[in-house]
Amino acid sequence: MKKNFFFKYRSYTPIPVIIAALVFAETTWISFLCGFVIALSGEMLRIWSVRYAGSATRTTGRVGADELVTTGPYGRLRNPLYLGNFLLSVGLLVIAWPLMPWFLIGFILLFYIQYSVIISLEEDFLAEKFQDAYQKYKINVPSFFPRFSNWGKGDRKPTPVKKALRTERNTLQSFTSVLILMVLRWIFG
């Protein structure tokens, strides 16, 4: 039950953190520029990942996968979308710079709790569905910190960037909206 809750509502759990970051924001030019670069790198990783995984990554009802994707960013780490989420979120927090470093430490702890549960749920599903192929993948490709060389053992080709951007539309809209709110909070204090 708990695992499914975290999976189903993973798009909404950052909202209280964002609201608190806006309330306590102390943005500076340096925090804005550094945070924007971090957030943008997270979004770029997400787009690269979506090009390989496709729209199946946008499901919220329950875990699913038509095939085991092991190429592209998935040949370097098993959860590139979640690393992208982490970088995107950390970037936004650096932009806002609320009660640092305590706010960031709290966020990292909450992110770890939520995503360790989600990853566990997904790994259980993938292990059951893809059995030996997933076990071999899991042994060779780390979960969250990328390997330097690409292990990729598949022939899946990336979808066009335009299609990936359509799939990633909700995240891009959310990122842009939060960024605008942070800039407005910074300007009008």
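Worth pointing out:
- A Cβ distance below 6 Å, combined with a sequence gap of six or more or placement on separate chains, defines the contacts here; from the stretch 153-181, residues that are β-branched (Val, Ile, Thr) reach residues that are assigned to a helix (DSSP H, G or I) in the pairs 159/51; 167/50; 167/55; 178/18; 178/92.
- Leading residue by the ranking (surrounded by the fewest Cβ atoms within 10 Å (Cβ to Cβ)) among those in the stretch 145-189 that are under 18 Å from residue 42 (Cα atoms), out of contact with any Lys or Arg (no Cβ under 7 Å at 6 or more places or on another chain) and among the small types (Gly, Ala, Ser): 177
- Meets criteria (more than 17 Å from residue 72 (Cα to Cα) and under 19 Å from the mean Cα position of the chain (by Cα)) for residue 114: yes
- Residue within the stretch 117-128 that is touching a Leu at 6+ places or on another chain (Cβ under 7 Å), assigned to a helix (DSSP H, G or I) and not polar (S, T, N, Q) present: yes
- Count - residues of the stretch 166-186 that are more than 15 Å from the chain's Cα centre (by Cα) and either more than 14 Å from residue 51 (Cβ to Cβ) or not charged (D, E, K, R) (or both): 11
- Taking the criterion of being surrounded by fewer than 19 Cβ atoms within 10 Å (Cβ to Cβ), β-branched (Val, Ile, Thr) and in contact (Cβ under 8 Å) with a residue 60 or more places away in the chain, the only residue of the stretch 80-117 that qualifies is 117.
- From the options 176, 171, residue that is in a helix (DSSP H, G or I), at pLDDT below 95 and at negative phi: 171
- Residue under evaluation residue 127, criteria (1) touching a residue at least 40 places away in the same chain (Cβ under 8 Å); (2) surrounded by fewer than 19 Cβ atoms within 10 Å (Cβ to Cβ); (3) touching a helix residue (DSSP H, G or I) at 6+ places or on another chain (Cβ under 7 Å), criterion not met: (1)
- Any hit, the stretch 4-13, residues being surrounded by 17 or more Cβ atoms within 10 Å (Cβ to Cβ), within 17 Å of residue 96 (Cβ to Cβ) and out of contact with any strand residue (DSSP E or B) (no Cβ under 6 Å at 6 or more places or on another chain): no
- In summary, residue 138 fulfils each of the numbered conditions (1) under 21 Å from residue 18 (Cβ atoms); (2) surrounded by 13 or more Cβ atoms within 10 Å (Cβ to Cβ) with the single exception of condition (1).
- Among the candidates 146, 142, 158, residue that is outside any helix (DSSP H, G or I) and either of a type in the set (Asp, Glu) or under 15 Å from the mean Cα position of the chain (by Cα) (or both): 146
- Selection count where residues are surrounded by fewer than 18 Cβ atoms within 10 Å (Cβ to Cβ) and over 15 Å from the mean Cα position of the chain (by Cα), scope the stretch 23-47: 10
- Residue-level analysis places residue 93 outside the set of residues that are among the hydrophobic types (A, V, I, L, M, F, W, C) and within 17 Å of residue 81 (Cα to Cα).
The values are calculated or read from the model by the stated rules, or taken from the named source; none is laboratory data. Every value quoted in this text rests on a predicted model; they were computed, and no experiment measured them. Please note: Cβ atoms are built from the backbone with ideal geometry, for glycine as well, and neighbour counts cover all protein chains shown.
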